[in-house]
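Only one structure is covered here, and it is reproduced in the block below.
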Amino acid sequence: MSQADVSVRIAWADDAEAVAAVQLRAWQQLYGDLLPAGTLPEDTAAVAEQWRRSLGKPADARHRVLVALERNRVVGFAVTGPATDPDCDAVADGELSELTLHPDERGKGHGSRLLQAAVDTLAADRFTRAVTWTLATDDATRAFLAAAGWAPDTAHRELDLDGTGATTVKQVRLHTAIG
């Protein structure tokens, strides 16, 4: 594959269906063993409609969705914006709230390109630090981010995946200086 066959760009509303498909497939792999059957959304069209609305009218001018492409096929996406954690500075701290690749596309360089584009986007939006949350048990993602200069900053949280408190996951926050 030549370098011209891969790229990263800002997502368009027309990408909603492809982004939803990547997200649902990745969630199945990440959370499928943790949640009871039928808990994860399966209707790509419904999730795509949420993406279409979000892509069409972002909550803040600094909220961005980037897509990684192989030729014209969306293989991953990243979401950036101001950090929302109470201990973060919404002016200085940007957040990589999602970095998702289709499971079949890992190890092909898409994640590295997408991460670099997300950090460049945060820097262009004048953030000087970036934060992201990852599952405490996701050693591969943590190693990937560490190799790119991200490190834990001691913050951690527990997410309730099913709304009942019965299914929770622990996350750790990583950060890096940018700009």
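Some observations on this one:
- Prolate/oblate/rounded call for region 1-99, Cα gyration tensor, a/c under 1.5 rounded: oblate
- Reported value for region 1-56: 104 Å³ per residue, from the convex hull of its C-alpha atoms.
- Where both bridge residues fall in region 3-177, DSSP classifies roughly 90% of the beta bridges as antiparallel.
- Of ALA146, ALA11, ALA68, the one that fluctuates the most in a GNM where the chain has Cα springs shorter than 10 Å: ALA146
- Close amide H contacts of GLU95 (hydrogens built in the peptide plane, cut-off under 5 Å, sequence separation of 5 or more or a different chain): GLY81, ALA83, VAL131.
- GNM flexibility winner over the chain from ARG53, ARG62, ARG142 (Cα, springs under 10 Å): ARG53
- Using C-alpha pairs under 8 Å with a sequence gap of at least 6, the mean separation divided by the residue count of the chain gives a relative contact order of 20 percent.
- Shape call, the chain: gyration tensor on alpha carbons, a/c limit 1.5: rounded
- Three-way shape call for region 40-93 based on the alpha-carbon gyration tensor, with the a/c threshold at 1.5: prolate
- Here the Karplus relation 6.51 cos²θ - 1.76 cosθ + 1.60, evaluated at θ = phi - 60°, turns the backbone of region 124-139 into coupling constants of 5, 7, 6, 7, 10, 9, 10, 10, 8, 10, 9, 4, 4, 8, 8, 4 Hz, with x for every Gly and Pro.
- Applying the Karplus relation 6.51 cos²θ - 1.76 cosθ + 1.60 with θ = phi - 60° to region 39-50 yields 3J(HN,Hα) values of 7, 6, x, 10, 7, 4, 4, 5, 5, 4, 5, 5 Hz, where x marks Gly and Pro.
- Mean ellipticity per residue at 222 nm, deg cm²/dmol - from DSSP H runs of n ≥ 4 across the chain, formula -39500 (n - 2.57): -9500 deg cm²/dmol
- 37 °C / 0.692 mPa s Stokes-Einstein diffusion coefficient of region 64-157, Kirkwood radius on C-alpha pairs, µm²/s: 238 µm²/s
- Using θ = phi - 60° and Karplus 6.51 cos²θ - 1.76 cosθ + 1.60, couplings along region 53-62 (whole Hz; Gly, Pro as x): 5, 5, 5, x, 8, x, 5, 8, 4, 8
Bear in mind these aren't lab numbers, they're just calculated from the coordinates by the rules spelled out. From a predicted model like this one, the values you see are computed outputs, not experimental measurements.
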